[in-house]
Amino acid sequence: MRVIDSIRRDVVSKFAGEVLSRMAFLLFFFYAGRKLGTVDFGTLNLAISVPYILGVLFLDPGLNLSTIHTLVSYPERTRQIAGSVFSLKWLLFIPLLVVLGTMSLIWGSRLPALQLLLWGALYVLFTALLEYLGSVTNAYHRMDLEAYFKIFNRFLIVALGVAALTVGRVSTLLQAMTVASVVACLMAWFVLRRGLIPVDFHWQFDHMWDSLKAGWPIAGTLIVGTIYMKWDLLVLSYFNIGREQVGWYAGAFKILEAFSALPGILGAALFPMMIHLRERNSGQLERLLGICTKALLLFSIPVAATISLLSPQIISVVYGPKYLPGASILAVLIWCIAPIFVYFYLVFVNIAAGHAKHNLLSGCLALVAGLLANALLVPRIGYLGAAWAALAANSTFALLATWKVSSLFPEASIPPAMFRFTAAGALMTVVFIYMPNAVWIRFVVGLLVYTITLAVLGALNRNDYSLALRLFSTGRSQEIPESAIGKELA
């Protein structure tokens, strides 16, 4: 078995599909923000965010990850399991529509028009179905297919969306995005049917119930995590923050959202391998956890500091001067990527280790922290309070997730690594803020200070460099027997 080849192929496929497609999607939303203006852009994001939150609650209550686990465990019943979960997602769309209509009736003008919310719900439905079809490929280590699905879907959304914006506004754009998702779902369904596994409608309620039971601990984490990650616009609307200010916040949040996908991609790509290593010897997993955590921190902290420093220039270039007040939001909000990079990845570790319930507990506590921070700050400092509340919620989740993983895998040495990288990031930030020079000089000196501090503290060692090179080298790995997996990750 080529363990390194397997890890490399899954990670590269996952990153290729997500990064390329998300980059195109992000650039399209930058374009849409300029084309629509702040008010309509805020309306568009609300029309998507509200159904999206409900979609996590109803359409994927942990079903995607639990289905991967079930398909791997019961290969003789794959068609029945995959088809039953597929049918269940269609059934769960009905209560989603009921709740969405009720919210529209109660909240009235604080939300977009019901027609826009319905188009947003259809877009969320077919996006969820496409995500599910992609997750089925993960059980067969064919993440390359999932990558193709997502690249096709998002590039089609961009093409149809650009065309829609030339003839209409928010409603036309939502319709175009929905049509693109429907086409992508049909394409993915045919590809799976012809080359991997038919995903037909199966109404075996025992499989549906088993999937729901297996997914509940995962679902709880997804639900509370999505609420405090996506509820910012809803919270601002609840406190009657103007739609233009919502547009500023939405613009800054899109930049954060683009980066927040990366650790989830890594976690999902390594999830089958985590299960594999955990069942044989947890010590083999700890080496992988250590280097992955360091890699995420090595990237996220300097990126957050740099974007915070350059937030006015970035907002002006990306969206134009009308969005410039959103620079203060981005300067705070972008720091969320540091804790997000930690817990978006570590929640997969807890699931693989059989402790998904801890993720739920961590998410609930983070939700409470975010709720209290929003209630305290938004009425006092407006939209900027929502940014600080998001940072408080994400930091809470990261600390709790790290504590659990560290107790399960002490040899991974995650807390010391976090301390070293945080100390280096703090020194870099001090340089960025207090050094009395031009921005580009502060940027160069800050990165130099960050690098030197990491070297002095010994944050990375020779073994880390060696494994990183083997994971991402372009050459072929040697054939490695099962008994040698531990040596390869050590």
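Numbers for the structure displayed
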| item | result |
| --- | --- |
| Out-of-range pairs (alpha-carbon distance over 27 Å; input 294/404; 254/357; 35/254; 89/404; 254/404; 150/357) | 254/357; 89/404; 254/404; 150/357 |
| Sequence of 328, 260 from largest to smallest accessible area, 1.4 Å probe | 328, 260 |
| Carbon and sulfur %, accessible surface of the stretch 154-197 computed with the full protein complex present, 1.4 Å | 69 |
| Rounded to the nearest 10 Å², the accessible area of residue 452 at probe 1.4 Å | 90 |
| Accessible solvent surface per residue of the stretch 307-363, calculated while the other protein chains remain in place, 1.4 angstrom probe, Å² | 31 |
| Rounded if a/c under 1.5, otherwise prolate or oblate - the stretch 387-460, Cα gyration tensor axes | oblate |
| The stretch 299-379, relative contact order [Cα under 8 Å, separation at least 6], % | 26 |
| P(r) tail fraction, the stretch 114-164 - alpha-carbon pairs more than 13 Å apart, % | 64 |
| Heavy-atom accessible area order for 442, 22, 193, largest first, 1.4 Å probe | 193, 22, 442 |
| Heavy atoms of residue 257 accessible to a 1.4 Å probe, total area in Å² rounded to 10 | 40 |
| Sequence of 88, 448 when ordered by accessible area, the most exposed leading, probe 1.4 angstrom | 448, 88 |
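The values are calculated or read from the model by the stated rules, or taken from the named source; none is laboratory data. Not measured: the values here are computed from a predicted model. Remember, those area values only see protein heavy atoms, side chains included, never the ligands or the DNA or RNA. Shrake-Rupley method; radii C 1.70, N 1.55, O 1.52, S 1.80 Å.
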